[in-house]
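These notes concern the structure reproduced below.
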Amino acid sequence: MNPAPSTPPDVTRRLIDRWFPCDAVDAAVGTPAGSGRSEKALFTWFASRPIAQARAAVLCTLLPDDPALQADVDAAVRDGDTAALGRLGDLVSAQYPTGRPVVLDVFSGRGIIPLEAARLGVVSVGTDLSPVATLGGRLLADYALRDWSDEPAIPFGALPVAGEGTTVLFGDAETAPRLLRDVEAVLAEVGARVLDAVKALYPLDDSGRFPWAYLWAVTIPCDQCRRRFPLIGTTTLRHPYKRTSDPGQSFQLVADGDQWLVEIQDGPSTQAPTFAAADGRKGKSARCLFCAHVHTLEAVKAKGFAKQYEDAIIAVADSPADSTRKVWRTPRPDEIDAAERADLSSYARLNDHISAVPDEAIPPGNQDTIRASGYGYGTYGELMNARQTTVFVETVAAIRSVHNELRDAGCTPDYAAALAAYAAAILPRKLRRATRGAKLLSHGNAGGSQQNRVQVGDVFSNESKHSFNFDYIEAGPAEGPGTWASVSASGINALRKILEESPGGRPGRFRQASAVALPFRDGTVDAVITDPPYYNMIDYSDTSDLFHVWLKRALFDVLPDLFDVEGLQDKSEEIIVKRGNAAGEHRTRDYYEAMLARAFGEARRVLRPDGHLVVVFGHSDPDAWLRLLGALQTAGFVVTSSWPSRTETAPTGVASIKVTVTIGCRVAAARRPVAVAAQVDREVAETVKAACREWDRDGLALSDQLMAAHGPAMEVFGRYSTVLLPNGETATLDRYLALARTAVRDAAALRLDELPLETFDAPTRFAVFWQRLNGRGDVTKGEARFAAQSDNLRLEDLRGTLLTESRAGFKLRLDEPEYVSPRSSTFEVARAMAGAWNNGGTEAVAQVIAAADRAPNDEHLWAVVADISRQLPAGDKVALALTAAIRNANAISNLASRIEDANRELTLLDMTKEPTR
Ligand SMILES: C[S@@+](CC[C@H](N)C(=O)[O-])C[C@H]1O[C@@H](n2cnc3c(N)ncnc32)[C@H](O)[C@@H]1O
């Protein structure tokens, strides 16, 4: 092995190379200041970084490695201390001899990392492939930080009354910042114009107010009796609430000749929904209200593709002036007529390639991402009913006319565009509560023990999947949750917070660009800090195309660099792993890795030679890590530090990640030594175990340690140009990811009844650790393969014996194995004992022990029996059986000894013993 070359002290070392405020990030992500939740209310984007982590990453990347700075960084991250942030910003500007450092985020999303850089006063640049995300970045960290004081007064200062029966929307004091005041006025103006345009479609209630919301349902013709009936998933409209003596409300569908009627009643409904899972069945089916004929889900879907779905209003919710309660009633005939008057055919095209109503087709392979596409809805314009679509078409028209009037009033093109863009930003947020995916969200329960508010649900039930329901809610045109007024108000509050917290910031710059072809010169960037796409978790562009089609209609000539395009967003270079199995899909695992490597290669090109690359990443699937780290390696980077943070508290797609890792990287040194695998293996194991000791102290969960361990393993691996295996071949990354996992397991020093885990057979070690991590949960194939590899096992050999495979992934088998033999692992024997207990008590368990040729008091076996039952919930059938076996251990051991003796005698008589089957 070559000796490490002696190097001069590294003056380019930054805080991140040695220290990161992990505790402060963990503490802050749960607070309003650090979570970034409020900033999210400005614009909808997916998988956005918490502000605290973005701030920590930016500060630690730009600041020199000086322990004296740690206190200010901690305060800026933990509490959002603006004085500390100001001091650090001055220091950053002062210490870069070439002027303000340039910080680039090449996957900038809606710009949370660039916002933090912009707040420090550095040159902050964000690029993203998606024009929708790029717009989000501009709203958050460009327009919000510009000085607009030279702009003329806009013609919408006076706050309009929104319409009959409604109140004034906003009313900020004269002292509010210029941008805030003007955005408020523009939003109020757009809201008023839209209301004026659509109010004829929404008749007032008996007290002269607009209803709060409407419950709609899709109707289908019955295959047997041909009569149309609505598909209803729930008949509850409002749960009861004992505290306010509210009995709640529900409805019944009543067959009346060939027609159906709705009856609304106090209290729960006794009627079963027409679209539900039949008793004891898994999938949902539709039952005809008239003749009870059952239609399978496939038959129901086929009707969608045959264009047989029709929308019908089921119920209307008023919001009485004297109550906060939403009160449901049947729709009046004039309301049904008014809704049917919505006529989309009269709208003129916006230009030769943009129609008023989005006619862009939903691409194939999106049945899991845009669920309505699996039910025959073919275009983005079909995701709402005609009246809802009318409101969006009118909103686009209002934004466009307001923009023109702002230009006529002398506003600069940039200011008029910024104000129009803030108004357009309400569209995606309103879309989230305005399509067939928006369910009635009834808080509370049937028992009435909880508060029973009703709201319009979010169509993104799990972050990025656009849900679909046959019964859905349409918010009314005026006030209440989900309306323009309510969504605008939270957007304004988000903007206010951003303005307040960015004194001294410099506006960031955002361009739409692919990370594999950056529009910047070589060696011009001081730091690339970025949060690359999360492998297969989020289909960014497919999911945001719904936003895109509407934003494009509002802004195609206002921000032509982003929105003057034909069709949907360009996905040809999107770096994700796309689910959905569409024919010819290019976004595969290999594509992800190859493109990510190209993106990091571009980052390397634009970075100064001494620049830093910092990558934020989180995924529970080791294959995702392998791809990411492989891409970094291919691009010539080495990992120099890694810092786990507990940033994600909610499930985000397929895997629920609780930890993301901030990974410091540098360009690999030109001359790194060669090492042999035995030495690197040892170093990796020691480094990971040392890190685990710290993580244990910090309370990082075992499953999160597994993910975090990739960082230290890569730090060691990256120190060498080549790692040689005994056979002369070169060791690859995956060897060290598997070794990192083994080191975490070893560091956990699991003991079963005082017996170290290492003393058990390999399949049992594997199964015991798996149960600790995943219980009865499903695990992706990639993770399962890595878990096996860490015990030098092959997934193929575990499939069937220890694991079962389904569409959801791999799951640990806890049921009775098909047979046991002396070759069975201890874990399988323990499972057989549980099964035997349920079938034949002590005698049967003793037979299993004998068949497995185990000593009756085999301490390893009894330790696994105890461990399995401890890891399971108390009432679990397997746990109950094993607990009973433990209680009867003496009797079982005696019986097993007797069987053993008898077998020995038989063996002496030269009888052969067959395995128990
Ligand atoms: C994890 S997200 C970034 C989120 C961001 N940090 C935020 O807080 O909003 C990854 C981003 O990568 C973008 N992306 C995917 N492929 C890209 C490519 N080829 N070039 C640039 N951006 C791309 C996606 O549009 C998405 O916004």
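Just so you know, all these numbers are worked out from the coordinates, no wet-lab data involved. What you see is a predicted model, and the numbers here were worked out from it, not measured in a lab. Please note: Cβ atoms are built from the backbone with ideal geometry, for glycine as well, and neighbour counts cover all protein chains shown.
Observations, loosely collected:
- Solvent-free Debye scattering, log10 I(q)/I(0), computed from the Cα coordinates of the range 724-778 at q = 0.26 Å⁻¹: -1.06
- The ratio of the alpha-carbon radius of gyration of the range 422-563 to the globular-protein estimate 2.2 N^0.38 Å is 1.34.
- Diffusion coefficient, µm² s⁻¹, Stokes-Einstein with Kirkwood Rh over alpha-carbon pairs of the range 196-244 at 4 °C and 1.567 mPa s: 88 µm²/s
- Other residues with beta-carbon under 12 Å from the beta-carbon of Leu628 carry, at +1 per Lys or Arg and -1 per Asp or Glu, a net charge of -2.
- Relative contact order of the range 212-272: 25 percent, from C-alpha pairs under 8 Å at least 6 residues apart in sequence.
- Charge dipole of the chain (Cα centre as origin; +1 on each Lys and Arg Cβ, -1 on each Asp and Glu Cβ, all else neutral): 540 debye, rounded to the nearest 20.
- Computed Rg/Rh of the range 531-578, alpha carbon atoms with Kirkwood Rh: 1.03
- Local net charge near Ile16, Cβ-Cβ under 11 Å (Lys/Arg +1, Asp/Glu -1): +2
- Projecting the alpha carbon convex hull of the range 529-638 along each direction and taking the average yields 8.4 nm².
- Scaled against the 2.2 N^0.38 Å expected of a compact globular protein of N residues, the Cα radius of gyration of the range 376-452 reads 1.59.
- Potential extension, Glu754-Ala489 segment - 0.36 nm per residue separation minus Cα distance: 89.4 nm
- Karplus 3J(HN,Hα) series, Hz, for the range 516-526 with 6.51 cos²θ - 1.76 cosθ + 1.60 (x for Gly, Pro): 8, 8, 7, x, 10, 6, 4, x, 10, 10, 7
- Ignoring aspartates and glutamates fewer than eight residues from Lys307 along the same chain, the ones with Cα atoms less than 15 angstrom from its Cα are Asp223, Glu298, Glu382.
- Taking only the C-alpha atoms of the range 327-396, the Rg (one decimal) and the largest Cα-Cα distance, Dmax (whole number), read 14.8, 45 Å.
- In the chain, excluding the sites themselves, the longest stretch lacking any of the GluC sites (Glu not before Pro) that are in a DSSP loop with at most 13 other Cβ atoms within 10 Å is 175-565.
- Longest DSSP-loop-exposure-free segment, chymotrypsin sites (Phe, Trp or Tyr not before Pro), the chain, at most 16 other Cβ within 10 Å: 348-818
- Residue among Pro358, Ala286, Gly840 farthest towards the positive dipole end of the chain, charges placed on Cβ: Gly840
- FRET efficiency, 1/(1 + (r/R0)^6) with R0 30 Å, evaluated for Ser93 and Arg671 via beta carbons: 0.30
- Helical contribution to [θ] at 222 nm, DSSP H n ≥ 4, -39,500 (n - 2.57), averaged over the chain, rounded to 500: -12500 deg cm²/dmol
- Of the three principal axes defined by the Cα atoms of the range 196-315, the extents in descending order read 43, 41, 27 Å.
- Percentage of interatomic Cα-Cα distances in the range 763-863 larger than 21 Å: 34 percent
- Cα gyration tensor of the chain - equivalent ellipsoid semi-axes, whole Å, descending: 51, 42, 23
- Taking the Kirkwood radius as Rh and the Cα radius of gyration as Rg, the range 360-495 has a ratio of Rg/Rh equal to 1.04.
- Computed E for Ser207/Asp266 - FRET, C-beta separation, R0 22 angstrom, nearest 0.05: 0.65
- Across all directions, the average projected area of the convex hull around the alpha carbons of the range 35-167 is 11.5 nm².
- All lysines inside 23 Å of Lys301 as judged from Cα atoms, apart from same-chain residues fewer than 8 positions distant: Lys282, Lys284, Lys439, Lys465
- Kirkwood analysis of the range 235-293, using all unique Cα-Cα pairs, places the hydrodynamic radius at 13.0 Å.
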